[in-house]
Amino acid sequence: MPLKSFIDVASDSRFPLENLPFGVFKPRNGAARVGVAIGEYVVDLSVLEEKGLLDLPPGTAAATTQDRHLFAQDSLNAFLTLGRPAWRKAREVLQNLLAANTPTLRDDAKLRERVFHRQGDVTMQLPARIGDYTDFYSSYHHAHNVGTMLRGPENALMPNWKWLPVAYHGRASSIVVSGTEVRRPQGQTKPPDATAPVFGPTKSFDYELEMAFLIGPPNALGQPVPIARAIDHIFGFVLMNDWSARDIQAWEYQPLGPFLAKNFCTSISPWVVTLEALEPFRKALAPQDPEPLPYLRLTNDFTYDIHLEANLRSASMELPHVITRTNLQNLYWSVSQQLAHHTVGGCNLQPGDLLASGTISGPSEESRGCMLELTWRGANPLKLPNGETRKWLEDGDTLKITGWCDGDGYRIGFGEVSGQIVPT
Ligand code: CA
């Protein structure tokens, strides 16, 4: 049975009481602060905190030093640092405060006025100060398709791919929140028949459908996180679009991997869906062959059943057209394996760090998570419903990614990450 709130939550809303994703919002008049989404509203946690309605467990840092200042902040970082007992407690308190039979807020019109904002009246910001960002490459089908295009099917996967979760360290400063325009980057490319590179706007602008998780409590430098404890460091998930310039990438990527092809912009959704909200959607991770090394083995390792879609709307289309349908379960490596591997050499993760999945492609053609795969490097252009075709994204195109989990009578949604491409 779905939980019931005194707030009107439409039956098709993706923000029911079971979800309560965290984000940072700015009301029309006032500074940015932390909120959770319910139905069409944002709940202002800084007001609940000020009123003493959001007390966190004794023993957490918040309870002793800064409990009045966790949420009157323009990032989730202070809250992220506290870890799972505080996150669980905050969720429990909020679900109770918003429940249909709890009078505290329900019957206090004056307080409600301060606490609830319509989502349409606020501006969402990045949920965290992201100090470091890493992008994995964890979909077998994505890696295999890309490898096939570059090296042929015999050598599609590098010999390391099934032994470790391949990744690169990305650029945190150019991560933007959904809705931010994305400028077509310029750079060096080398046409196949040319003897020297040329400079100019990318001619193969791409998206990558990904998810990413935010790090909570840190680990100390030199102290790897054992895989069984990895989940303690993960707060929740956002949607991500790792915008990519394939022609720039093709010329620059050897020997050290992506650089300017990826660092000009990365978009994420503003709402962070917590692992607590995702708990009912856990699924067993598919068996891995070869069996990973011991530090990457977790008994009952898991993933989540999260439906993911990307849609494209050109400047002359009225309605968006779905071009990718996939699921988080298409990833080969789990988040616990990614985190354990990231830290095994002693690398310290910090609250607010963002670790992304890599493009989430599955086995079917419609589950391919980027234009590179969908059009097979431009060989099979996409046909849009209005007669336009696309080898790559064009100026004026808007690319939107959505995600959700289907529960028993409710849906846990991630909102969206969207961006429109503007000329160089
Ligand atoms: Ca990527």
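Classified by the C-alpha gyration tensor, region 137-235 has an oblate form. Its axis ratio a/c, with a ≥ b ≥ c, is 1.5 or above, and a/b does not exceed b/c. Nearest 10 degrees, 0 to 90: what angle lies between the long axis of helix 140-151 and the longest principal axis of the chain (Cα atoms)? In the chain, helix 140-151 runs at an angle near 20 degrees to the longest axis. Each label was represented as a point 7 Å from its Cα along the Cα-to-Cβ direction; for Glu50 and Asn29 these points are 1.3 nm apart.
Among Tyr137, Tyr295, the ranking by other beta carbons within 10 Å of each residue's beta carbon, starting with the fewest, stands as Tyr295, Tyr137. Phi angles across region 250-258 convert, under the Karplus curve 6.51 cos²θ - 1.76 cosθ + 1.60 with θ = phi - 60°, into 3J(HN,Hα) values of 4, 7, 9, 6, 9, x, 10, x, x Hz, Gly and Pro given as x. Which of rounded, prolate, oblate describes region 83-126, given a ≥ b ≥ c as roots of the alpha-carbon gyration tensor eigenvalues and a/c under 1.5 marking rounded, otherwise prolate only if a/b is larger than b/c? Oblate. For the chain, the relative contact order comes to 21 percent (Cα pairs under 8 Å, sequence separation of at least 6).
Using only Cα coordinates, the Kirkwood hydrodynamic radius of region 247-299 works out to 15.7 Å. Shape analysis of region 203-255 places it in the oblate category; the axes a ≥ b ≥ c from the Cα gyration tensor give an a/c of at least 1.5, with a/b not above b/c. Region 284-318 and region 156-210 have Cα centres lying 21 Å from one another. Residues whose amide H falls under 5 Å from that of His321, counting only those 5 or more places apart or on a different chain, are Leu312, Arg313, with hydrogens built in the peptide plane.
Gain on full extension, evaluated as 0.36 nm per residue between Phe199 and Asp108 minus their Cα-Cα distance, stands at 26.6 nm.
Once you reduce region 3-34 and region 76-91 to the center of their Cα atoms, the two points are 17 Å from each other. Every Cα-Cα pair of region 166-294 was included, and the share exceeding 22 Å stands at 54 percent.
For the peptides 193-201, 407-415, residues were scored by their other Cβ atoms within 10 Å and the scores averaged per peptide; the highest-first order is 407-415, 193-201. Net charge within 15 Å of Pro351 by Cβ-Cβ distance, Lys/Arg positive one each and Asp/Glu negative one each, not counting Pro351 itself? After counting each charged neighbour, the total is -2. Building the convex hull from the alpha-carbon atoms of the chain and averaging its projection over directions returns 21.7 nm².
For the chain, the longest principal axis of the alpha carbon atoms and the long axis of helix 84-97 meet at an angle near 60°.
Where Rh denotes the Kirkwood radius from the mean inverse Cα pair distance, what is Rg over Rh for region 106-159? Rg divided by Rh gives 1.47.
Packing, as the average of other Cβ atoms within 10 Å across residues, places the peptides 16-23, 74-81, 341-348 in the order 16-23, 74-81, 341-348, highest first. For the listed peptides 105-117, 259-271, a ranking on the average number of other beta carbons within 10 Å per residue, highest first, reads 259-271, 105-117.
Calculated from the alpha-carbon coordinates, region 237-373 shows an Rg and a Dmax of 16.9, 53 Å respectively. State the Cα centre-to-centre distance between region 232-274 and region 327-394 in whole Å. Centre-to-centre (Cα) distance: 9 Å.
Coordinate-derived values only; no laboratory data. All of these numbers come straight from a predicted model, not from anything done at the bench. Every residue, glycine as well, gets a Cβ built from its backbone with ideal geometry; the counts of neighbours run over all protein chains shown.
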